[in-house]
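Notes to accompany the following structure.
Bear in mind that the values in this text are calculations on the coordinates, not laboratory data. Computed from a prediction, not measured in an experiment: that's the story for all the values here. Virtual Cβ from ideal backbone geometry, glycine too; neighbours counted across all protein chains shown.
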Amino acid sequence: METTSKYGRRSFLNTIALTIAAAEFGVLNPLKAQGKAASKISNSTALSTNSSFGQIKQIKAGVLDVGYAEVGPANGPAVILLHGWPYDIHSYTEVASLLAAKGYRAIVPHLRGHGSTQFLSAKTARNGQQSAIAADIIALMDALKIEKAIVGGFDWGARTANIIAALWPERVKAMVSVSGYLIGSQQANKTPLPPKVELTWWYQFYFSTERGREGYEANRRDFNKLIWQTASPNWKFDNATFEKSAASFDNPDHVAIVIHNYRWRLGLAEGETKYDDFEKVLATAPAITVPTVTLEGDANGAPHPAPANYAAKFKGKYAHHTISGGIGHNLPQEAPQAFADAIIEADNF
């Protein structure tokens, strides 16, 4: 699951420490929201979560052979949908179908260490740092000859979308980001948090130990199902839904990427020097200027910043919606209609 930026972590800390109640928003159709508005939207049109993609395509991009699903007309506006951990492309089966029906070309890649995405060389570092994952998506866009796309994501995917929008704004037409602004830095993550907040990151500290690496290697399905349950406490997914995504965790590099990602955040593992310049920029918590819609579920069990605490980071046209109805951390799969509507809204900006 996703940590927050220096800006977001401090704001989230203040929210916990001072017990500030979250703001209540008025009801507003997501397709009509404008400017710095916020709204609370009911997920009354959520669809089945048992769908699967058809053929998974492969393309060499950067250091990877990327596996990805593609739905919709080849000449439609490109939308790149990015999943988080511990999830995979199946978070977007319904979203992609809804967007394809509106004429969009939805592209849903397996991030490094997931599904059929493989490293081209055994010598390449199994690096999970934030800018490396973002660079993967830029390489994918280049390989697919996509100059500009709408990007959307949650968890690791939201952070990746944020980074692409911050470092390569000319490649982003618009963005949808669940839980808002998630760009982080090793320096920001050095600041201790109150015990109750640190407790929510238990898996991050577990992964910092060799015992944790071995435990995740041996029990990744049970481990990830537990995360699904705690991050989305009101989502009653069945085993078939979980198993569709769980197959992606069998990727031979999955454990290495996940462990490195969380160790890197805490400064316990080094990144690659080729990403140093990117990380220097990201450590400044850069503002995002592309048109953006942020979303939050009303029952997100994972740690996340309050929407009011990150709104100022978005300097372009912007709107926020809180999705009601017991929606948790895996918002695209739990509330596919709301996520698809947000993509269309951001595009219309």
Under the Karplus curve 6.51 cos²θ - 1.76 cosθ + 1.60, θ = phi - 60°, whole-Hz ³J(HN,Hα) for the stretch 64-77, x wherever Gly or Pro sits = 10, 9, 8, x, 8, 9, 9, 9, x, x, 4, 9, x, x
What translational D, rounded to a whole number of µm²/s, comes out for the stretch 121-162 from Stokes-Einstein when the hydrodynamic radius is the Kirkwood one over Cα pairs, at 25 °C and 0.890 mPa s?
-> 216 µm²/s
Which residues' amide hydrogens lie under 5 Å from the amide hydrogen of Leu64, considering only partners 5 or more residues apart or on another chain, with H built in the peptide plane?
-> Leu120
Percent antiparallel among DSSP beta bridges with both residues in the chain, to the nearest 5?
-> 25 percent
Show the residues, 5+ positions off or on another chain, whose built amide H is closer than 5 Å to the amide H of Asn234.
-> none
Go through 169-180, 236-247 and give me the packing order, highest mean Cβ count within 10 Å leading.
-> 169-180, 236-247
Just check the stretch 6-348 against the gyration tensor rule for me: Cα atoms, a ≥ b ≥ c as the square roots of the eigenvalues, rounded for a/c under 1.5, and otherwise prolate or oblate depending on whether a/b exceeds b/c.
-> rounded
Label the stretch 167-269 by shape, choosing from rounded, prolate and oblate, from the square roots a ≥ b ≥ c of the eigenvalues of the Cα gyration tensor; if a/c is under 1.5 it is rounded, and otherwise prolate applies when a/b is larger than b/c, oblate when it is not.
-> rounded
Short version: ³J(HN,Hα) in whole Hz for each residue of the stretch 288-294, in order, from phi by Karplus 6.51 cos²θ - 1.76 cosθ + 1.60 (θ = phi - 60°), x for Gly and Pro, what are they?
-> 10, 9, 6, x, 9, 10, 9
From phi via Karplus (6.51, -1.76, 1.60), per-residue ³J(HN,Hα) for the stretch 94-103 in Hz, x at Gly/Pro | 6, 4, 4, 5, 5, 5, 4, 5, 9, x
Footprinting proxy, Arg220, Arg265, Arg112: sorted fewest to most Cβ within 10 Å, the residues are Arg220, Arg265, Arg112
Placed amide H near Lys173: partners under 5 Å, 5+ positions off or other chain | Ala149, Ile150, Val151
